[in-house]
Amino acid sequence: MNGIPVTWGAPRPERADAARNRAQLLSTARQMLSESGPDDLTMDALAERSGLGKGTVFRRFGTRAGIFGALLDESEHALQEQVLSGPPPLGPGAEPVDRLIAYGQARVRWLIENRMIARFALDGRQPIPGGARTSASQIHIRMLLRQLNLDGVNVDLLTVQLTAALDGPLLLYVSADALTSTAPQVEQQLGSAWQELVKRVCRP
């Protein structure tokens with residue numbers, strides 16, 4: 001998700017104590033979400049429930065949205081692994097257009113499955129709505145577009161536009177009722193629309 005700090009591959013090494021704190025905080029946050037939903041998952045409540053100091057929580061996440069962003073980052077690891085080493089067309093071995101279509105459809109599915117966390121991971125206080133850090137989607141989409149050798153196309157700008165089409169705010173345009181009652185149909189419709197978009201913009 002654009003703006004959520006995610007990375008491809010192995011994470012940077014952490015000190016043992018920092019890694020333990022991170023694992024404890026994320027485990028506690030998931031438990032709190034399961035028990036009482038997102039409204040009660042605040043910085044103060046997480047610090048109290050985890051038994052760690054408020055300073056530790058603030059240093060780790062920065063904001064309340066950062067807690068949800070970290071949960072989203074963690075849940076995205078499986079998708080990243082499929083992209084890096086899974087079977088084609090999502091993984092290596094397929095044509096770039098087929099991989100691009102498969103990635104968008106997989107990401108739509110992942111966003112719908114994680115829609116509650118994705119909504120709360122949005123931080124309206126950021127000066128740039130999508131965030132300033134390059135997302136995993138941008139890295140992957142840019143790589144596939146460059147493989148297509150699209151003459152006369154500004155690949156960097158097209159990457160940003162395609163990434164935005166798969167961003168978390170996409171689901172803000174879909175009603176909560178629709179996502180709850182007809183999520184499979186919504187996923188199919190968004191996936192089909194992504195396929196049509198990719199085929200049109202990637203024509204030789």
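Yes or no, residue by residue, for (1) under 21 Å from the mean Cα position of the chain (by Cα); (2) more than 18 Å from Glu74 (Cα to Cα):
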| position | (1), (2) |
| --- | --- |
| Arg20 | no, no |
| Leu26 | yes, no |
| Ser36 | no, yes |
| Asp39 | yes, yes |
| Ala45 | no, yes |
| Arg49 | no, yes |
| Lys54 | no, yes |
| Val57 | no, no |
> Of everything in region 171-200 that's within 21 Å of Ser135 (Cα to Cα) and in contact with a Leu (Cβ under 7 Å, 6 or more places away or on another chain), which residue is modelled with the lowest pLDDT?
Replying inline: Leu171
> Do any helices (runs of 4 or more DSSP H) entirely within region 63-118 hold 3 or more residues that are surrounded by 16 or more Cβ atoms within 10 Å (Cβ to Cβ) and under 13 Å from the mean Cα position of the chain (by Cα), and if so, which?
Replying inline: 64-75, 96-113
>> Tell me the residue from Gly53, Gly93, Gly37 that is among the small types (Gly, Ala, Ser) and under 30 Å from Ile141 (Cβ atoms), please.
In response: Gly93
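Each row is one residue, and each column tells you yes or no for (1) of a type in the set (Asp, Glu); (2) in a loop (DSSP other than H, G, I, E, B); (3) over 16 Å from the mean Cα position of the chain (by Cα); (4) farther than 17 Å from Ile112 by Cα.
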| site | (1), (2), (3), (4) |
| --- | --- |
| Leu144 | no, no, yes, yes |
| Thr159 | no, no, no, yes |
| Leu162 | no, no, no, yes |
| Leu170 | no, no, no, no |
| Asp177 | yes, no, yes, no |
| Arg200 | no, no, yes, yes |
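The values are calculated or read from the model by the stated rules, or taken from the named source; none is laboratory data. As the structure is a prediction and not an experimental result, all values here were calculated from the model. Here the Cβ is made from the backbone with ideal geometry for all residues, glycine too, and neighbour counts use every protein chain on show.
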